[in-house]
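Derivation of every value follows stated rules applied to the coordinates shown; laboratory data play no part. Values in this document were obtained by computation on a predicted structure and should not be read as measured data. Note that we place each Cβ from the backbone using ideal geometry, even for glycine, and neighbour counts take in every protein chain shown.
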Amino acid sequence: MNVEIKKGLIIFHDPWDWESISEKIIEEYGASMMISWKLKRELGFTVRHHKGLVSYSGDNEIEDLKGRFYYEPQIHLDFYNEAAQSFFTLKYIG
């Protein structure tokens with residue numbers, strides 16, 4: 001799972017990782033939990049679809065791509081308190 005955890009933010013670099021977690025949330029809480037205000041009220045975060053700017057890796061065989069960037073689809077979870085983020089991290093990312 002390619003996940004980056006920062007204070008108040010969890011970034012899924014692969015949207016399919018978020019899809020598997022969202023399916024677990026739907027199984028546990030029901031489909032209506034995926035409404036943004038319910039996620040914020042019950043689990044303490046909102047979901048944001050984002051395109052992050054990422055540089056091509058240095059191990060790339062194509063020399064022309066070094067120093068260039070591309071947009072990567074990402075899922076950002078914005079948390080409203082540290083307790084909610086800790087709970088989510090332990091339960092779903094663990």
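Along the charge dipole of the range 8-56, which of W37, S55, P15 sits closest to the positive end, that is, farthest toward it, with unit charges on the beta carbon of Lys, Arg, Asp and Glu (+1, +1, -1, -1)?
W37
Given H placed on each backbone N at 1.01 Å, which residues far from D14 in sequence or on other chains put an amide H within less than 5 Å of it?
Distant-sequence amide H within range of D14: N2.
Please state, rounded to one decimal and in Å, the Kirkwood hydrodynamic radius that the chain gives when every pair of distinct Cα atoms enters the mean of 1/r. Write down the numbers at each step before the final one.
Values: mean 1/r = 0.0687 Å⁻¹.
Computed over Cα pairs of the chain, the Kirkwood hydrodynamic radius comes out at 14.6 Å.
Would you please give the FRET efficiency between S57 and E23, computed as 1/(1 + (r/R0)^6) with r the Cβ-Cβ distance and R0 = 30 Å, to the nearest 0.05? Present the calculation step by step, with values, prior to reporting the outcome.
Working: r = 30 Å, r/R0 = 1.00.
Working from the Cβ atoms, E equals 0.50.
For a quick check: sort S20, S57 by the number of other beta carbons within 10 angstrom, fewest at the front.
Working: S20 12, S57 8.
Ascending number of Cβ neighbours within 10 Å: S57, S20.
Tell me, which longest segment in the chain has none of the chymotrypsin sites (Phe, Trp or Tyr not before Pro) that fall in DSSP loops with at most 14 further Cβ atoms within 10 Å?
Details: sites that count: Y56, Y80.
Longest run free of exposed loop sites: 1-55.
In sequence order, what are the phi-derived ³J(HN,Hα) couplings for the range 13-23 according to the Karplus relation 6.51 cos²θ - 1.76 cosθ + 1.60 with θ = phi - 60°, rounded to whole Hz, with x for glycine and proline?
Working through the residues one at a time gives 6, 10, x, 5, 5, 5, 4, 5, 6, 5, 5 Hz.
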